[in-house]
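*Asks:* Shown below is the structure under consideration.
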Amino acid sequence: MPTFRNESALLEPVRGNLRRRGYRRQRSEVQFFEYSMDLYAYAAAKKTTTAVELKLARWMRAFEQALIYQLCADFVYLALPMPSAERVERALLARHGVGLIAVHPGPRCVVLLEAQQSTVIMPSYRDFYVRLMQEQRP
């Protein structure tokens, strides 16, 4: 079974998954203070934003980043290769509203845990990114 050699290999399958969910406007490597969100997406019809942190293995580090991204995105996910995703402590993610996407070689994605609407979002941060996404062609 093929494995992913780098995080960037996870990007296109996750992009496709989000596109199918209505997130037509997407940007990768979006700066948020000293962090770089691997993927930030906007669904104009739903008026919602989603941030995704890609990791090959170190899910706890991705989780820490995801908590920060909840300040600027309505929904936040971790995306990892399936073997790594199976080791994630889903109850911890669920308690904090962070979703989990497993990426299979092939490539395809399965949402193992839906993200919950962020309760700590800062409207000024979110609005900045929504404007940024609206300036971009779908």
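All of the numbers you see were taken from the coordinates with simple rules; none came from a lab. Worth saying up front: this structure is predicted, and the values here are computed from it rather than measured. So basically every Cβ, Gly included, is an ideal-geometry build from the backbone, and we count neighbours across all protein chains shown.
*Asks:* Among 36-45, 14-23, 124-133, what's the highest-first ranking by average C-beta atoms within 10 angstrom per residue?
*Replies:* 36-45, 14-23, 124-133
*Asks:* Separate question: Taking the dipole about the Cα centre of region 8-134, with the C-beta of Lys and Arg at +1 and of Asp and Glu at -1, give me whichever of Val103, Leu113, Ala43 is farthest to the positive side.
*Replies:* So the residue furthest toward the plus end is Ala43.
*Asks:* While we're on this one: Of the listed peptides 87-96, 61-70, what is their order by residue-averaged count of other C-beta atoms within 10 Å, with the highest listed first?
*Replies:* Top to bottom by mean Cβ count within 10 Å: 61-70, 87-96.
*Asks:* Can you tell me the length gained on complete extension of the stretch Glu114 to Arg131, counting 0.36 nm per residue apart and subtracting the Cα distance?
*Replies:* 3.6 nm
*Asks:* So if I take the centroid of the Cα atoms in region 1-56 and the same for region 74-113, what is the distance between those two points in Å?
*Replies:* Rounded to whole Å, the Cα centres lie 13 Å apart.
*Asks:* Under a Cβ-only charge scheme (Lys and Arg +1, Asp and Glu -1), can you give me the dipole magnitude of the chain about the Cα centre, in debye to the nearest 20?
*Replies:* Using only the charged Cβ atoms, the result is roughly 460 debye.
*Asks:* To continue, here is another question. For Cα extents along the principal axes in Å, several values are listed as (i) 42, 31, 26; (ii) 37, 32, 28; (iii) 45, 28, 26; flag the one computed from this structure.
*Replies:* (i)
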